Amino acid sequence: MDENRRAFLKAAGCAILGAGLAAPVARAAAGAVSPESAPGELTAGRWAIAINVRKCLQREDCRACIDACHVAHNVPQIEDPIREVKWLWKEPFKDTFASATHPHLDKGLADKRVLVLCNHCDNPPCVRVCPTKATWKRQDGIVMMDQHRCIGCRYCIVGCPYGSRSFNWQDPRPFITTGIRPDYPTRTKGVVEKCTFCTERLVKGLPPACVEVCNKVSGPGTMTFGDIRDPKSEVARALKDGFSIRRKPELGTEPQIFYLV
Amino acid sequence: MLEKALRGSRRYWTLVGILSTLAVAGAIAYLKQLSTGLVVTGLGRDVPWGLYIAQFTFLVGVAASAVMVVLPYYLHNYKAFGRLTILGEFLAIASVTMCLLFIFVDMGQPTRVLNVILYPTPNSLMFWDMVVLQGYLILNILIAYVTFTSESKGVHPPSWIKPVILLSIPWAISIHTVTAFLYSGLGARPFWLTAILAPRFLASAFASGPSLLIVLCLILRKYTKFDAGEEAIRKLAQIVTYAMAINIFFVLVELFTAFYSDIPEHKHHFEYLFLGLHGHNALVPFMWTSQILAVTALVLLLLPNVRNNFTYLFPICLGVILAIWIEKGLGMVVTGFIPSPLGKVTEYSPTLRESLIALGIYAAGFLIITILYKIAVSVREELEA
């Protein structure tokens, strides 16, 4: 065999390997960018939502918040339940709060459908498992997604104890039946998406779309959004005055969606 | 040395032809998945990982099991494995390659897969899995290349390779441990949230990997002049026996904890596997087949007269491989998702296209084994002539 060729192949192999190993070091040295808030932006030490379950259940078939969210964010409406993409939806109480369900529960409550969404956990397992930092926690607690970096491995979906994350099993655009909103990016196939607490509205000084429409339709206090670190905030006061529960608190994820019951 | 792979018998070329055809068919099937997305698979919201990731998990075990020939030979100077180590290393190379391919086809955005290197994330076990798998592949290529070229030239391998070989021993354990940690560190999935997952993975790996090696050795013995040696094959069968016994013990330990504690979220998964849950029981016949095969194989392996008879050993080893393949390649991953965190029982079955893609990857892996083993056999034949 030609020794020169072999030597060349060896050298080339080592060079590729070396470049591969050097890349992470170079990236790490580049450093991170610190966020700055825009003028008029809503800011918080820790964003949270309190959902008043009794009030919400008075209008059990209401979909105002869900539709507002899904239209605003170009969320596709896919019929097939196993390929569905959803940011905000309803699940039976007995599945959402399995450990709080017992045979003597309030008549009918077990099957009543309560609102579920990303819990924006303080200790998010999805962020812990993501191999590319495509999902991360902002300083104000919002768990964000970078759909341009996501490789579609779905480890975050596997790690989320709430089933709050959706994968685009196909190109979602043909399923956006309400017409594509140009002011919010659509997603491509093969990436994960979920609720973002409407960061695009917060920068404009607006609360999340679901909260805004809910309080119009069902009356103020059905959904309360605010800075939970601020004791004077509406959300902090609502939690102080009432009894609230969270989904699977025993897992230590520290969900920031509170259910007032 | 590679030229040895280009001259072979009609039988060799037929095998290469069949495996290449299957691999190409798999690649063509993959093109559709690449253009339309993972919607072509049977995966969905509730079961986001399936056939691909399960095959990856099974094959990491096969790759790790090379340590079962490397360790006795290099640490204990067990000479009988001298002719076998290269086969173990070649099997590891092919297995890790299949693992990487299975991960690749599972990605929603395969073109971005290098983001794992570009944005290294030490808190993600998937990052570490990539590191240990790549490392293991490089180690095995290096070790196999250096030791085998030395052997073909009739000289002793350079002394610097010895520490590299010793490093590959704990490294082999690490690849399957890290792969188990992918699953066992998730509060969201009580089925995998058990400290015994990594030990169980290793036990089943050390049963299935050496079984595959025995099967390959017996095939080589029959169709080529290459003989790994009766003593070596018998010793491998002994390793399979111990590993299988430990594996079955671990399974029983898990079943005890789940059913005696009677904690629903732990119990439900095992109920789904062995009894069916809410009328869903797709995996039940497979799991019972697996358990019956495993116990039968162990009983037969425990009988020295049966174990040492290669006519019986061949089908027993196939039984061990099938039993563990069902356990890891079908049951283990999917059951973690059934029931889902929201209590839903959504069953999963791979689509035809998904299965074709998986078959294509297996064909590619066995093509690598065929070519590497052909080289090994030809070089040894020349040396002995």
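No lab work stands behind these numbers, since they all come straight from the coordinates. Since we're looking at a predicted model, the values are computed, not measured. All Cβ positions, glycine included, derive from the backbone under ideal geometry; neighbour counts span all protein chains shown.
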With criteria (1) surrounded by fewer than 22 Cβ atoms within 10 Å (Cβ to Cβ); (2) closer than 22 Å to A:Phe175 by Cα, A:Val75 comes up short on (1)
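So, B:Leu87, is that one within 30 Å of B:Val146 (Cβ to Cβ), surrounded by 15 or more Cβ atoms within 10 Å (Cβ to Cβ) and either away from chain A (no Cβ under 14 Å) or among the hydroxyl-bearing types (Ser, Thr, Tyr) (or both) or not?
yes
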Looking for something closer than 29 Å to A:Asp230 by Cα, within 14 Å of chain B (Cβ to nearest Cβ), of a type in the set (D, E, K, R) and in contact with a strand residue (DSSP E or B) (Cβ under 9 Å, 6 or more places away or on another chain) - is there at least one such residue anywhere in region A:49-60? no
So in region B:335-385, with the set limited to residues that are under 30 Å from B:Ile28 (Cβ atoms) and basic (Lys, Arg), which one is nearest to the other protein chains (Cβ to nearest Cβ)? B:Arg353
Filtered residues of region B:110-139 (kept if of a type in the set (Val, Ile, Thr) and in a loop (DSSP other than H, G, I, E, B)): B:Val113, B:Thr121
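Rundown of residues vs (1) among the basic types (Lys, Arg); (2) under 23 Å from A:Asp67 (Cβ atoms); (3) in contact with a strand residue (DSSP E or B) (Cβ under 7 Å, 6 or more places away or on another chain); (4) surrounded by 22 or more Cβ atoms within 10 Å (Cβ to Cβ), yes/no style:
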residue: A:Cys195; (1), (2), (3), (4): no, yes, yes, yes
residue: A:Val213; (1), (2), (3), (4): no, yes, no, no
residue: A:Thr224; (1), (2), (3), (4): no, yes, yes, yes
residue: A:Asp227; (1), (2), (3), (4): no, no, yes, no
residue: A:Arg237; (1), (2), (3), (4): yes, no, no, no
residue: A:Ser244; (1), (2), (3), (4): no, no, yes, no
Across region B:343-355, the tally of residues that are crowded, with 19+ Cβ neighbours inside 10 Å and either free of Cβ contacts under 8 Å to residues at least 12 places away in the same chain or aliphatic (A, V, I, L, M) (or both) stands at 0
Of all residues in region B:36-76, count the ones that are more than 23 Å from B:Leu91 (Cα to Cα), of a type in the set (Ser, Thr, Tyr) and crowded, with 20+ Cβ neighbours inside 10 Å. 1
Looking only at region B:272-293, how many residues end up being buried (at least 19 other Cβ atoms within 10 Å of the Cβ) and part of a helix (DSSP H, G or I)? 5
Do we have any residue at all in region B:225-248 that's outside any helix (DSSP H, G or I) and touching a Gly at 6+ places or on another chain (Cβ under 7 Å)? no
Scope region B:1-35; condition in a loop (DSSP other than H, G, I, E, B) and crowded, with 17+ Cβ neighbours inside 10 Å; matching residues: B:Gly8
Test result for A:Thr101, hydroxyl-bearing (Ser, Thr, Tyr), in contact with a helix residue (DSSP H, G or I) (Cβ under 7 Å, 6 or more places away or on another chain) and within 14 Å of chain B (Cβ to nearest Cβ): yes
Can you tell me which residues in region A:206-261 are under 14 Å from A:Arg54 (Cβ atoms) and either in a loop (DSSP other than H, G, I, E, B) or of a type in the set (Gly, Ala, Ser) (or both)? A:Ser218, A:Gly219, A:Gly221, A:Thr222, A:Ala238, A:Gly242, A:Phe243, A:Ser244, A:Val261
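Pick from region A:65-97 the residues that are part of a helix (DSSP H, G or I) and over 18 Å from A:Arg181 (Cα atoms): which of them is nearest to the other protein chains (Cβ to nearest Cβ)?
A:Ile82
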Restricting to region A:133-186, name every residue that is touching a Gly at 6+ places or on another chain (Cβ under 9 Å) and more than 25 Å from B:Phe337 (Cβ to Cβ). A:Gln139, A:Asp140, A:Gly141
